[in-house]
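The values are calculated or read from the model by the stated rules, or taken from the named source; none is laboratory data. All of these numbers come straight from a predicted model, not from anything done at the bench. So basically every Cβ, Gly included, is an ideal-geometry build from the backbone, and we count neighbours across all protein chains shown. These accessible areas exclude ligands, DNA and RNA; they are computed on the full protein's heavy atoms, side chains included. Shrake-Rupley method; radii C 1.70, N 1.55, O 1.52, S 1.80 Å.
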Amino acid sequence: MTGTTMTGTMSMEDRWSARDLTGIVLAGGAGRRMGCAKALLTLGGRPIIGRILDGLRPVCDDLIVVTTEAILTALHGTGAVGEEGSFPNDIRTLTDEAAIAGRGPLSGIATGLAAAVHPWVMVTSCDAPFPSAALIRLLRARTQDADIVVAEVAGRPQPLQGLYHRATAPVLRRRIAAADLRMMALLKDPAVRVNTIRESEWSGAGVPDVTFTNINTPTDLEEAVRLAHDLPISDPV
């Protein structure tokens with residue numbers, strides 16, 4: 001852990017009740033390697049983004065999708081999310097403000113943090129179709145003396161499946177203003193304290209490997225379809 005205190009020290013009772021967590025899905029990427037915006041993909045006959053939201057809903061009572069106007073229009077126009085072609089009422093949709101738009105995941109996270117109802121926010125991306133309640137529980141348990149909590153896979157932190165405190169928003173905006181948009185560099189910023197959960201720890205806690213599956217190419221999508229055939233939307237809460 002590095003940096004100075006941002007969030008302070010709170011008791012477990014102060015930090016959490018059952019679902020006091022905001023969930024953010026980053027869905028604004030162009031998907032160049034995929035050939036289309038990944039937010040528009042379907043998996044097993046249902047939209048990937050809907051699958052992710054369903055996986056977050058049992059542990060998050062505040063849900064936000066950060067996307068672009070073009071993608072939002074496409075989602076609504078195709079009926080990909082809900083029966084009437086729109087998101088359910090419990091989901092807010094946001095687009096980045098002009099000053100930070102188009103700056104990758106950092107801008108999406110900053111936008112979501114600014115709108116979050118709760119101090120802690122679970123961030124995931126729309127190309128990670130297998131959300132894990134077990135992972136979220138483990139991340140929540142490691143927020144003491146931290147501003148960001150992430151898991152590690154093969155020695156590499158996974159910042160797009162992590163918990164962020166709202167107090168990190170100014171750090172993200174500072175890095176955006178400096179045109180340093182690297183997620184890994186954010187985790188090394190001295191202004192934030194990062195708790196990292198080692199692979200042996202999350203694996204021992206029952207978090208399935210498939211949780212960290214990302215869909216970046218058509219080949220990845222084919223593999224995800226195969227995995228989804230035998231998997232539930234999310235593991236039990």
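For the reader, a short list of remarks on this structure follows.
- Residue within the range 51-69 that is free of Cβ contacts under 8 Å to residues at least 24 places away in the same chain, part of a helix (DSSP H, G or I), surrounded by fewer than 21 Cβ atoms within 10 Å (Cβ to Cβ) and not β-branched (Val, Ile, Thr) present: no
- Restricting the first member to the range 92-115 and to residues that are within 18 Å of Leu160 (Cβ to Cβ), and the second to residues that are surrounded by fewer than 17 Cβ atoms within 10 Å (Cβ to Cβ) and modelled with pLDDT of 95 or more, the beta-carbon pairs closer than 7 Å and six or more apart or on different chains are Leu94/Ala115; Arg103/Leu181; Gly104/Leu181; Leu106/Leu181.
- The set of residues in the range 114-149 that are in contact with a strand residue (DSSP E or B) (Cβ under 9 Å, 6 or more places away or on another chain) and among the basic types (Lys, Arg) comprises Arg140, Arg142.
- Just one of the numbered conditions (1) in contact (Cβ under 8 Å) with a residue 60 or more places away in the chain; (2) more than 24 Å from Cys36 (Cβ to Cβ); (3) under 16 Å from the mean Cα position of the chain (by Cα); (4) open to solvent by 20 Å² or more (accessible area, probe 1.4 Å) is not true of Pro157: (1).
- Of the residues in the range 172-179, not one is surrounded by 14 or more Cβ atoms within 10 Å (Cβ to Cβ), within 18 Å of the chain's Cα centre (by Cα) and among the β-branched types (Val, Ile, Thr).
- Residue in the range 72-85 that is surrounded by fewer than 16 Cβ atoms within 10 Å (Cβ to Cβ), touching a helix residue (DSSP H, G or I) at 6+ places or on another chain (Cβ under 6 Å) and either in a helix (DSSP H, G or I) or at pLDDT below 90 (or both) present: yes
- Selection status of Arg175, touching a residue at least 12 places away in the same chain (Cβ under 8 Å), under 21 Å from Pro105 (Cα atoms), of a type outside the set (Asp, Glu) and out of contact with any strand residue (DSSP E or B) (no Cβ under 7 Å at 6 or more places or on another chain): yes
- For the range 86-94, the criterion of being at pLDDT 70 or above, within 13 Å of the chain's Cα centre (by Cα), over 26 Å from Asn216 (Cα atoms) and assigned to a loop (DSSP other than H, G, I, E, B) is met by no residue.
- Residue under evaluation Glu152, criteria (1) among the acidic types (Asp, Glu); (2) touching a strand residue (DSSP E or B) at 6+ places or on another chain (Cβ under 8 Å); (3) in a loop (DSSP other than H, G, I, E, B), criterion not met: (3)
- Scan of the range 185-207 for residues that are open to solvent by 50 Å² or more (accessible area, probe 1.4 Å) and charged (D, E, K, R), ordered by number: Lys188, Arg198, Glu199, Glu201
- The range 95-132 - residue that is part of a loop (DSSP other than H, G, I, E, B) and in contact with a Pro (Cβ under 8 Å, 6 or more places away or on another chain) and, of those, farthest from Gly45 (Cα to Cα): Ser132
- Residue list for the range 143-154, restricted to those being buried (at least 17 other Cβ atoms within 10 Å of the Cβ) and either of a type in the set (Asp, Glu) or more than 14 Å from the chain's Cα centre (by Cα) (or both): Thr143, Ala146, Asp147
- Within the range 160-171, being surrounded by fewer than 18 Cβ atoms within 10 Å (Cβ to Cβ) and in contact with an Asp or Glu (Cβ under 8 Å, 6 or more places away or on another chain) holds for one residue alone: Ala167.
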